[in-house]
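Have a look at the structure that comes next, please.
Taken together, the values in this text are just the output of simple stated rules run on the coordinates, not laboratory data. These figures come from a predicted structure and were not determined experimentally. No Cβ is skipped: glycine too gets one built from the backbone with ideal geometry, and neighbour counts run over all protein chains shown.
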Amino acid sequence: MLGWIVRIAIETGMRSSEIATLKLTQVDLDRRIVRLIETKNTLPRTVPLSKTAAENFRLALGNPARPDDTELIFSASLEGMVSVGRTTSIRCGVISRSD
């Protein structure tokens, strides 16, 4: 799941908080867009999806481990996503432990 989240973030420029709170109704894979309602600057925006981003959404939605009874695309918590992202960034040398 983390791999899909990271690839979507890279492909779209979306923030982790935007990805973590995405609901099924916000993603239109036929039109290859995501409609963000809650953003950092509080203004809604539409994010175009590359073929790679759309395919990662398809894979995530088809994941058998994804709970059927949720509107959220990803079931991971924002805190968990940020923690894993920070640890990965440190291990890859993108940021230092003191950042």
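Between LEU72 and SER50, what length in nm is gained on full extension when 0.36 nm per residue of separation is reduced by their alpha carbon distance?
In short, 5.9 nm is gained.
Want the number for ARG32 to MET1: 0.36 nm per residue separation, take away the alpha-carbon distance, what's left?
Between ARG32 and MET1, full extension yields an extra 9.2 nm.
What ranking of LYS51, LYS23 emerges when the number of other C-beta atoms within 10 Å of each C-beta is taken as an exposure proxy, fewest first?
With the fewest neighbours first, LYS51, LYS23 line up as LYS51, LYS23.
Quick one: 3J(HN,Hα) in Hz for the range 24-41, Karplus 6.51/-1.76/1.60 with θ = phi - 60°, rounded, Gly and Pro as x.
With coefficients 6.51, -1.76 and 1.60, one gets 3, 5, 8, 10, 10, 6, 5, 8, 6, 9, 10, 9, 8, 9, 9, 10, 4, 8 Hz.
Percent relative contact order of the range 1-58, based on C-alpha pairs within less than 8 angstrom and at least six residues apart?
On the way: 62 pairs, mean separation 21.0, N = 58.
Once normalised by length, the contact order is 36 percent.
Still on this structure: Please rank MET1, MET14, fewest neighbouring Cβ atoms within 10 Å first, as an exposure proxy.
MET1, MET14
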